[in-house]
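Scroll down for the structure; my scribbles are underneath it.
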Amino acid sequence: MTVIVTGGAGFIGSNFIFHMLDSHPDYRIVCLDKLTYAGNLATLESVMDNPSFRFVRADIADRDAVYALFEEEKPDIIVNFAAESHVDRSIENPEIFLKTNIIGTSVLMDACRKYGIKRYHQVSTDEVYGDLPLDRPDLFFTEETPLHTSSPYSSSKAGADLLVLAYYRTYGLPVTISRCSNNYGPYHFPEKLIPLMIINALHDKPLPVYGKGENVRDWLYVEDHCRAIDLIIHNGRVGEVYNVGGHNEMRNIDIVRLILKELGKSEDLITFVTDRKGHDLRYAIDPAKIHRELGWLPETKFSDGLKKTIRWYLDNESWWRPVISGEYQEYYEKMYSCR
Ligand code: NAD
Ligand code: DAU
């Protein structure tokens, strides 16, 4: 089996590559990544010399480059993680989100039609369902929940999902889609909540909590997401959507407090800042379908996963230190200095 993993130099894609190389040593894994600000070859250092692994730098929206790779590798499975993934950046500059997340997805699927594949898997997000109210803990996103997006990011992901389902119905392309809740774990880019708070706390810098910190996210350890995708690409039903989440809802402020406690830092570092525009209130996944059909259950408890993640950032300063220099500092200044 040859599997092309797009976006494999990013957070979840890299963890998925490690998972696949461990779980399927007989597979060939080809990573296709443009190496945007969020892609980092240092993340893949440990597998670069693995004979079952190949890295190719290219843009998923570059038709010639994508077709050339398909021609050469004749892949069996495509798992598309490549995306612009940060909501705040999409609010500042939506266009690149449309190009990568929608056009890029269509180019990959055109290549699948042209060269033939066994499975195209789209890594989507629970954000396509919009948000749930804070005062209705009985409500969850199921696969039947209507798409109802809030940000340019989530709209671009929903657009891609619709296109994937259209390629299934119109051309019979063997597709599956997973819609996962918020991931956390090693190699998470420090613009996102958990790594940003860990790294700021380590520097005794203010921890910028949007609004009152009452928004709720449903956190899943990244390895649990990788196992879910592995199950879906092998055993999931073609044309189906699978929600992935671990019933682990947390308020942002409570996560920030846990991080401070774990690091032995003062809560005085917490700074409430202007809210995100259109900020989704609550995400909560109902994972009944993937459990029922594929036997998937999360394995990592949040308290253990958060401790492991904090430990990873403490032990891997050599990974994040270069990431937060240069361009990241400009980004941070722009997003947070006058907030
Ligand atoms: P990330 O931003 O950490 O990584 C994205 C990767 O895609 C980077 O390596 C980047 O270089 C690459 N990339 C971007 N544009 C590209 C292009 N045009 N061509 C080729 N490569 C390109 O993202 P992530 O958090 O790892 O998310 C991966 C996927 O999972 C995304 O599709 C995202 O929507 C989805 N997702 C993320 C989460 C989460 O909590 N992070 C949850 C659910 C779903
Ligand atoms: O739900 C899945 C989604 O989770 C993925 O599709 C996205 O790619 C991923 O980035 C993530 O989106 P969120 O917007 O939920 O994640 P983020 O880490 O940006 O923010 C999490 C919550 O924390 C959100 O309510 C906003 C808040 N926040 C975030 C940052 C960066 C803060 O309060 N302060 C911050 O500085």
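Tabulated data
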| quantity | calculated |
| --- | --- |
| Any hit, the range 66-80, residues being open to solvent by 20 Å² or more (accessible area, probe 1.4 Å) and within 9 Å of ligand 1 (Cβ to nearest atom) | no |
| Residues within the range 32-55 that are crowded, with 17+ Cβ neighbours inside 10 Å and in contact with a Leu (Cβ under 7 Å, 6 or more places away or on another chain), tallied | 4 |
| Restricting the range 199-252 to residues that are acidic (D, E) and surrounded by fewer than 18 Cβ atoms within 10 Å (Cβ to Cβ), the residue that is farthest from I270 (Cα to Cα) | E240 |
| Condition met for E214 (more than 12 Å from ligand 1 (Cβ to nearest atom), assigned to a loop (DSSP other than H, G, I, E, B) and closer than 25 Å to Y331 by Cα) | yes |
| Pairs with Cβ under 7 Å, 6+ apart, first in the range 311-331 and on the phi < 0 side of the Ramachandran plot, second of a type in the set (S, T, Y) | W320/Y313; E327/Y37 |
| Every residue from the range 256-265 that is assigned to a helix (DSSP H, G or I) and open to solvent by 40 Å² or more (accessible area, probe 1.4 Å) | R257, L258, K261, E262 |
| Filter result (part of a helix (DSSP H, G or I) and open to solvent by 20 Å² or more (accessible area, probe 1.4 Å)) within the range 107-124 | D110, R113, K114, Y115 |
| Positions within the range 241-299 being over 18 Å from the mean Cα position of the chain (by Cα) and small (G, A, S), in sequence order | G264, S266, G278, A288, G295 |
| Where T125 falls short, out of the listed (1) within 11 Å of ligand 2 (Cβ to nearest atom); (2) within 17 Å of I255 (Cβ to Cβ) | (2) |
| Some residue of the range 295-310 being touching a helix residue (DSSP H, G or I) at 6+ places or on another chain (Cβ under 8 Å), within 16 Å of ligand 2 (Cβ to nearest atom) and free of Cβ contacts under 8 Å to residues at least 60 places away in the same chain | no |
| Considering residues of the range 1-31 that are in contact with a Lys or Arg (Cβ under 9 Å, 6 or more places away or on another chain) and over 22 Å from A65 (Cβ atoms) only, the residue surrounded by the fewest Cβ atoms within 10 Å (Cβ to Cβ) | S23 |
| Helices (runs of 4 or more DSSP H) (entirely within the range 266-339) containing at least 1 residues that are open to solvent by 30 Å² or more (accessible area, probe 1.4 Å) and either under 30 Å from V238 (Cβ atoms) or of a type in the set (V, I, T) (or both) | 288-294 |
| Restricting the range 134-187 to residues that are open to solvent by less than 40 Å² (accessible area, probe 1.4 Å), in a loop (DSSP other than H, G, I, E, B) and closer than 20 Å to H86 by Cβ, the residue that is nearest to ligand 1 (Cβ to nearest atom) | N182 |
| Among the candidates G264, G236, G278, G246, residue that is at positive phi and away from ligand 2 (no atom under 12 Å from the Cβ) | G264 |
| Complete set of residues in the range 217-255 that are assigned to a loop (DSSP other than H, G, I, E, B) and farther than 20 Å from E144 by Cα | W219, N248 |
| Filter pass, E92 being open to solvent by 20 Å² or more (accessible area, probe 1.4 Å) and either among the aliphatic types (A, V, I, L, M) or more than 16 Å from ligand 2 (Cβ to nearest atom) (or both) | no |
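The values are calculated or read from the model by the stated rules, or taken from the named source; none is laboratory data. Source: prediction; values computed, not measured. Cβ atoms come from the backbone with ideal geometry, glycine included; neighbour counts cover every protein chain shown. Side chains included, ligands, DNA and RNA excluded: accessible areas come from the protein's heavy atoms. Shrake-Rupley method; radii C 1.70, N 1.55, O 1.52, S 1.80 Å.
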